[in-house]
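Okay, so here's the structure we're looking at.
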Amino acid sequence: MAVMAIILAGGESPALSILTALRSEAAVPFGGKYRIIDFSLSNCVNSGIYNVAVLTQYQPRSLNEHIGVGKPWDLDRSTGGVRLLQPFQRTKGERGVWQEGTADALRFNLDVIPDWVDDVLILAGDHIYKMDYAPLLKFHHERRADATLAVRGAPGFEAYRFGMLATDADGRVVAYEEKPRRTQSTLASMGIYVFRREVLVDCLTNEMGRSQRNLGGDVLPAIVDSRALYGYPFQGYWADVGTVQAYWEANMALLAETPALDLYDPEWVIHTRSEERPPAMIGPEARVEGNLLCDGCQVEGTVVRSIISPGAYVALGAVVRDAIVMNDTVVEAGAEVDRAILDKRVRIGQGTKLGFGDDNTPNRRWPERLNTGLTLVGKGAVIPPNMKIGRNVVICPHARATCFEDLEIPSGETVDD
């Protein structure tokens, strides 16, 4: 059976705050050296799928640069390989202008699916997981399914984040609700789908399908009764990192003594586009404890339970705790960083205390997104020396010294560029 994979990587992700201000969620760095989309791409090639399309829309530049022609994933091929599909305007008279959801994005690009493809594997570009798609496809074929969803158990309090479903003894889906506030279902859709090609085309182009925008919210509920829709149970590690807290927790989980996500498995390598960097350097007076330290980083101060990305620098006398420090960020001498995410090319001035104090006031502008004590510093921001910055603070990308009126920023505030 011929399979083509389509990775949906175009949506805006406001729940990730400033981490997606200048990039799509699929391009957000993860685990020091990776980007989130690396996991879906690596799962494809590790599963023997070398015909891949990536649908982009929101802030695609860094994602396009990262994937390029697909060489790190062995997807730079004359036949198959990876194709980056950019958004385009509809023809005159069609509803809307740009694609407005996952079903809409697929409908825009049905013409890239060759006639000889039997099944279309539809993936999200914003999940962290390792998965061999071969058993999923086997399950799909054995049941002669029209469409199959990968599913996993989920507690009731998380139902509002997922499509929730119920299945019969053979795995056929008998009920489906998209992100319900309350449900008795215990199975959640993982956003991983297999469709027979002709079924996908019909679902998206028939009279009812042409008005549907999203797979989960519109298409799946509409075909539960009319199509053979099955749920494939997946038992491995999987994380939806669509919120700041979920993203931080998934990164910190890599620091466990035996992490649930094994990045060192030689049988299932997560491939990425790597820059040529020298080895990590640990200074003679440095103290490091329970970290991930990437190529090219330099640590002369103290780093505890943190992820230090390529090219990052922690100066002598600086302290970094429970933090994610992205590429080429500098933490100057005497600075302290606690429970924070520092985007690329940030500079923390000498003596500055970031994540300061016990006040956990939620961010006033985004209280529902930032309320657990994490402070975010956007890409390219420069924080002056001797600042005191509280918790749940957001410092927007490219903020400069002129943006900081006082030497102290209380918890819950936002500094605009």
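At 7 Å along Cα-to-Cβ for each site, give me the label-to-label distance between TYR237 and ARG305 in nm.
1.8
State, as an integer percentage, the relative contact order of segment 270-417 based on alpha-carbon contacts under 8 Å between residues 6 or more apart. Provide the component values of the computation, followed by the final result.
On the way: 478 pairs, mean separation 21.3, N = 148.
Here the relative contact order equals 14 percent.
In whole Hz, with x marking every Gly and Pro, tabulate ³J(HN,Hα) for segment 306-317 from phi via Karplus 6.51 cos²θ - 1.76 cosθ + 1.60, θ = phi - 60°.
Each residue of segment 306-317 in turn: 9, 10, 10, 7, x, x, 6, 9, 10, 6, 4, x Hz.
Multiplying the sequence separation of ALA333 and SER274 by 0.36 nm and subtracting their Cα-Cα distance, what value in nm do you get? Write down the numbers at each step before the final one.
Working: separation 59, 0.36 × 59 = 21.24 nm, distance 2.85 nm.
Separation in residues times 0.36 nm, less the Cα-Cα distance, equals 18.4 nm.
Measure off 7 Å from each Cα along the Cα-to-Cβ vector at ALA260 and CYS403, then give the distance between these two points in nanometres to one decimal.
3.4
Please work out whether segment 120-238 counts as rounded, prolate or oblate from its C-alpha gyration tensor, where a ≥ b ≥ c are the square roots of the eigenvalues and a/c under 1.5 means rounded, while otherwise a/b larger than b/c means prolate and anything else oblate? Present the calculation step by step, with values, prior to reporting the outcome.
Details: a/c = 1.44, a/b = 1.14, b/c = 1.26.
Rounded.
Can you list which of the GluC sites (Glu not before Pro) found in segment 1-85 are DSSP loop residues with at most 15 other C-beta atoms within 10 Å?
Loop-located and lightly packed - GLU12.
Helix 133-142: angle to the longest alpha-carbon principal axis of the chain, degrees 0 to 90, nearest 10?
It works out to around 20 degrees.
At 222 nm, what value in deg cm²/dmol follows for the chain if DSSP H runs of at least 4 each add -39500 (n - 2.57) and the sum is divided by all its residues, to the nearest 500? Spell out each step's value before the answer.
Working: 7 runs with 57 residues, N = 417.
Here the helix-only value at 222 nm equals -3500 deg cm²/dmol.
Segment 338-417 to segment 142-158: how many Å between their Cα centroids?
Taking the Cα centre of each part, segment 338-417 and segment 142-158 sit 40 Å apart.
Go ahead and collect, in residue order, the members of segment 1-43 whose backbone nitrogen is under 14 Å from a label point 7 Å along the Cα-Cβ direction of ARG161.
Answer for this model: 15-16.
Over all Cα pairs of the chain, how is the pair count split among 10 Å bins, expressed in % and running from 0 up to the last occupied bin?
For the chain, the pair-distance distribution reads 5, 21, 29, 24, 15, 6, 1.
Can you tell me, using C-alpha contacts under 8 Å and at least 6 residues apart, the relative contact order of the chain as a whole percent?
Values: 1028 pairs, mean separation 52.2, N = 417.
The value is 13 percent.
First measure r as the distance between the Cβ atoms of GLU289 and ASN206, then evaluate 1/(1 + (r/R0)^6) with R0 = 60 Å and state the FRET efficiency to the nearest 0.05. Show your work: numbers first, answer last.
Working: r = 59 Å, r/R0 = 0.98.
Efficiency, rounded to the nearest 0.05: 0.55.
So which GluC sites (Glu not before Pro) in segment 178-263 pass both tests, a DSSP loop state and at most 15 other Cβ atoms within 10 Å of the Cβ?
Numbers: sites: GLU178, GLU198, GLU207, GLU249, GLU257; in loops: GLU207, GLU257.
Filter output for segment 178-263: GLU207, GLU257.
Give me ASP38, ASP111, ASP118, ASP295 ranked fewest to most by other Cβ atoms within 10 Å of their Cβ, as a rough exposure proxy.
Values: ASP38 25, ASP111 6, ASP118 13, ASP295 16.
Arranged by neighbour count, lowest to highest, ASP38, ASP111, ASP118, ASP295 become ASP111, ASP118, ASP295, ASP38.
Counting only DSSP beta bridges with both residues in the chain, what percent are antiparallel, rounded to the nearest 5? Could you put the intermediate results ahead of the total?
Values: 23 of 82 bridges.
Antiparallel bridges: around 30 percent, rounded to the nearest 5.
A short reminder: the numbers here are calculations on the coordinates, not readings from a lab. As the structure is a prediction and not an experimental result, all values here were calculated from the model. Here Cβ is always computed from backbone atoms with ideal geometry, including for glycine, and neighbour counts include all displayed protein chains.
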